[in-house]
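The values are calculated or read from the model by the stated rules, or taken from the named source; none is laboratory data. Keep in mind that what you see is a predicted model, and the values were worked out from it rather than measured. In this analysis, Cβ positions are derived from the backbone assuming ideal geometry, glycine residues included, and neighbour counts consider all displayed protein chains. Surface accessibility is based on the protein's heavy atoms, side chains included, excluding ligands, DNA and RNA. Shrake-Rupley method; radii C 1.70, N 1.55, O 1.52, S 1.80 Å.
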Amino acid sequence: MSGTLFIVATPIGNLDDITFRAVSVLKSVELILAEDTRHSKKLLNHLDVSTPLRAFHDHNEREKTQFVIDELSTGKSIALISDAGTPLISDPGYILVCEAKKANCKVVPIPGPSALITALSGAGLASDNFTFFGFLPSKQAARIKVLQALVSRTETSIYYESPKRILATMTDMLLVLGGSREVCLAKELTKAFETINTGTIPSLIEYLTVDPNHQKGEFVILISGVAKTDTIAAEAKLDTLLPILCAEMGASKAAKLAAKITGIDKKHCYQRAIDL
Ligand code: SAM
């Protein structure tokens, strides 16, 4: 009988945000895999957990996975934790979980905090339909491209962002999405300086620049979707615009221009242009 691989969510700031079940699993397994053993030691000491720890991070995940599968095959139970929140959510563990499942090992997730869900529950933005995209690209050109794809999305979009780039990202966002889109900056969640600011992009840029300390810490960015009525209006504009443009130029050029004018995704405009 192979052992069980537990995927255990840990706090994102406040050390009390951990479930009874998570603590009991961490105490009962034979080994805990942690991204940064020194960092996790503080949490485990706080919880009175003395289970042996081993490093498991982005740089050794591939190499360590076979060792973990071998240990599971001998019947050992092992827990994976990350520095904060839920493992695999912008954190290591994906390769391990895939391989463990292929090897028919039991994988049991132990739910708990994740910054994206914590932020969404306090943002005051639509939460019935949302997409989490992980980290935004660090290079400006790639970031702008990603933001352009949000122009016509109707659901709430969620990103993680580093304090080093938060101001540059908000500035790019203003350029691409304009000044009226509602955005939430959720900073230092569950910690002493937790701040959840929901407002327009210019008001959030003002918050970040009024005091450089406001740019420090960990951030989740939530961007509201474009109102459905705006989408209907843009589609109606596309209906009149596309036949005129297509009569003057090729479908690809017409779609590019129509996308610029209406804010609708270029691929969608192209599909509509070739369907005319
Ligand atoms: N696995 C984690 C989770 O479940 O949320 C995410 C890990 S990812 C490497 C780290 C990023 O998550 C940070 O750069 C930040 O964007 C976000 N994050 C983590 N803790 C946070 C907190 N307390 N407040 C705001 N954002 C946080």
Practice problem: Identify, by number, the condition in (1) under 20 Å from Leu125 (Cα atoms); (2) away from the ligand (no atom under 16 Å from the Cβ); (3) among the aliphatic types (A, V, I, L, M); (4) open to solvent by 30 Å² or more (accessible area, probe 1.4 Å) that Ile232 doesn't meet. | Solution: (1)
Practice problem: Find all pairs meeting these conditions: Cβ atoms under 7 angstrom apart; at least six residues apart or on different chains; first residue within segment 27-49 and touching a residue at least 40 places away in the same chain (Cβ under 8 Å); second residue open to solvent by less than 80 Å² (accessible area, probe 1.4 Å) and part of a helix (DSSP H, G or I). | Solution: Leu31/Glu71; Ile32/Leu26; Leu33/Val68; Ala34/Ser40
Exercise. Determine if segment 152-161 includes at least one residue that is within 30 Å of Leu72 (Cα to Cα), out of contact with any Asp or Glu (no Cβ under 8 Å at 6 or more places or on another chain), within 11 Å of the ligand (Cβ to nearest atom) and not in a helix (DSSP H, G or I).
Key: no
Exercise. Determine if segment 60-75 includes at least one residue that is over 26 Å from the mean Cα position of the chain (by Cα), of a type in the set (Ser, Thr, Tyr), surrounded by fewer than 15 Cβ atoms within 10 Å (Cβ to Cβ) and over 12 Å from Leu5 (Cα atoms).
Key: yes
Self-check item: Number of the exception - Thr118 against (1) without any contact (Cβ under 8 Å) to a residue 24 or more places away in the chain; (2) within 16 Å of the ligand (Cβ to nearest atom); (3) assigned to a helix (DSSP H, G or I)
Solution: (1)
Quiz item: If you check Glu30, Glu35, which single one turns out to be under 26 Å from the mean Cα position of the chain (by Cα) and of a type outside the set (A, V, I, L, M)?
Solution: Glu35
Practice problem: Filter segment 76-90 down to residues that are hydroxyl-bearing (Ser, Thr, Tyr) and either open to solvent by less than 10 Å² (accessible area, probe 1.4 Å) or assigned to a helix (DSSP H, G or I) (or both), then give me how many there are. | Solution: 1
Practice problem: Take segment 15-53 and flag every residue that is open to solvent by 30 Å² or more (accessible area, probe 1.4 Å) and under 16 Å from Asp91 (Cα atoms). | Solution: Glu35, Asp36, Thr37, His39
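Okay, residues lined up against (1) within 14 Å of the ligand (Cβ to nearest atom); (2) β-branched (Val, Ile, Thr); (3) touching a residue at least 40 places away in the same chain (Cβ under 8 Å); (4) surrounded by fewer than 18 Cβ atoms within 10 Å (Cβ to Cβ):
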{"site": "Pro92", "(1), (2), (3), (4)": "yes, no, yes, no"}
{"site": "Asn104", "(1), (2), (3), (4)": "no, no, yes, yes"}
{"site": "Gly124", "(1), (2), (3), (4)": "no, no, yes, yes"}
{"site": "Ile144", "(1), (2), (3), (4)": "no, yes, no, yes"}
Quiz item: Can you tell me which of Lys191, Lys164 is open to solvent by 40 Å² or more (accessible area, probe 1.4 Å), under 25 Å from Asp91 (Cα atoms), touching a residue at least 60 places away in the same chain (Cβ under 8 Å) and within 14 Å of the ligand (Cβ to nearest atom)?
Solution: Lys191
